[in-house]
Amino acid sequence: MFGFGKKRDRELDEIISQIKVDLSNNYKDNAVENIRKLRQLLDLRSLDGALRLDLMDEYRKTLEGFEEDVRNFKRTY
């Protein structure tokens, strides 16, 4: 019963959740800082082989999406 599915990285998932909150609340500066943290942690996980390749690809695509969101960011106030 247990052990099926993808073994996620809790620390990466927490940073991703925070970036989503930052973007939804128009906190671009915070989002940019957390994107930087996510990129650094992904690089570290890649170097030490802590994640399966399919999960690494998934996290990298998420990071790319966030980077695109920030590039297109417009303040709403």
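The values are calculated or read from the model by the stated rules, or taken from the named source; none is laboratory data. This structure is a prediction, so every number in the text was calculated from the model and none was measured. Cβ coordinates were reconstructed from backbone atoms using ideal geometry, including for glycine residues, and neighbour counts include every protein chain displayed. In case anyone asks, the SASA skips ligands and DNA or RNA and just uses the protein heavy atoms, side chains included. Shrake-Rupley method; radii C 1.70, N 1.55, O 1.52, S 1.80 Å.
One table, with the values for the structure above:
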| quantity | calculated |
| --- | --- |
| Cross-chain or 6+ apart pairs with Cβ under 9 Å, region 46-68 first and among the hydroxyl-bearing types (S, T, Y), then in a loop (DSSP other than H, G, I, E, B) and open to solvent by less than 60 Å² (accessible area, probe 1.4 Å) | Y59/D9; Y59/L51 |
| Lone qualifier among I15, I19 - being over 19 Å from N72 (Cα atoms) and of a type in the set (V, I, T) | I15 |
| Odd one out for E58 among (1) farther than 11 Å from L12 by Cβ; (2) within 15 Å of the chain's Cα centre (by Cα); (3) among the acidic types (D, E) | (1) |
